[in-house]
1. What is the diffusion coefficient of the stretch 83-167 in µm²/s, taking the Kirkwood radius over Cα pairs and the Stokes-Einstein relation at 25 °C with a viscosity of 0.890 mPa s?
2. Non-local amide H neighbours of residue 98 (under 5 Å, H modeled in plane, Pro and chain starts lacking H): which ones?
3. Counting helices only, and only those DSSP H runs with n ≥ 4, report the 222 nm mean residue ellipticity of the chain as the sum of -39,500 (n - 2.57) divided by its residues, in deg cm²/dmol to the nearest 500.
4. Determine the per residue accessible area of the chain with all protein chains present and a 1.4 angstrom probe, expressed in square angstrom.
5. Given the convex hull over the Cα atoms of the stretch 76-130, what projected area results after averaging over all orientations, in nm²?
6. If 38, 6 are ordered by their accessible area, calculated over protein heavy atoms with a 1.4 Å probe, which sequence runs from highest to lowest?
7. Can you name the helices of the chain, as whole DSSP H runs, whose Cα span along the helix axis is 24 Å or more and whose Kyte-Doolittle mean is not below -1.0?
8. Using +1 at the Cβ of each Lys and Arg and -1 at the Cβ of each Asp and Glu in the chain, identify which of 27, 166, 48 lies farthest towards the dipole's positive end.
Amino acid sequence: MRPAQYAKIYRWFAARPPALKALRLANRWLPLASAGAYAVLLAGLAAGECPLELLARAVLAPGAVFLGGSALRAALDRPRPYQQPGFVPLLPKDTLGRSFPSRHALSAGAIAAAWLPVCPAASALLGALTLALCAARVLAGVHTPADVLAGAALGFGLAALGMCLPL
């Protein structure tokens, strides 16, 4: 996204303080909601009478996706949108590079996929929260649409595959 394109988004939110506050809250709470859902999943699997293999998959698949996505980000080291001259994000950040794929979106997608064999409805809800997180990251000016869409797709797709593969 170019600075001139983003300036329209910036002005819209700057003129509406309640909307800006909601955007900042979404960027803070949506990742925490996803992490909380993951903790609930792991605690439920550990306490329940499910096969140990399912718990192992729920730990290993998202973990491998997170590590692989982090390595990919470091290798590609794509710049953040706000690194462009004249680009001012709505969410102040000082991180440089490592924008693609978005790790927030990648992790949220992987967590949604980990829920798939346990509770498809929860997985669908978390998938919707992942998309909301993607929108919030782009609107805040910290990622491009490609960053978040690639992160969500890779996270969900690879973790779903990992939840199905034999150990």
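The values are calculated or read from the model by the stated rules, or taken from the named source; none is laboratory data. All figures in this text were calculated on a predicted structure; none of them were measured in a lab. Glycine also receives a Cβ, built like all others from the backbone with ideal geometry; neighbour counts cover every protein chain displayed. With ligands, DNA and RNA removed, areas are computed over all heavy atoms of the protein, side chains included. Shrake-Rupley method; radii C 1.70, N 1.55, O 1.52, S 1.80 Å.
1. Details: Rh = 13.4 Å.
In µm²/s, the coefficient is 184.
2. Residues meeting the criterion, in which the H sits 1.01 Å from N, are 77, 78.
3. Values: 6 runs with 121 residues, N = 167.
After summing the helix terms and dividing by residue count, I get -25000 deg cm²/dmol.
4. The answer is 52 Å² per residue.
5. Working: hull surface 18.8 nm².
Mean projected area of the Cα convex hull: 4.7 nm².
6. In descending accessible area the options line up as 38, 6.
7. Span-like helices, by this rule, are 17-47, 52-76, 120-139, 145-164.
8. Most positive-ward Cα: 27.
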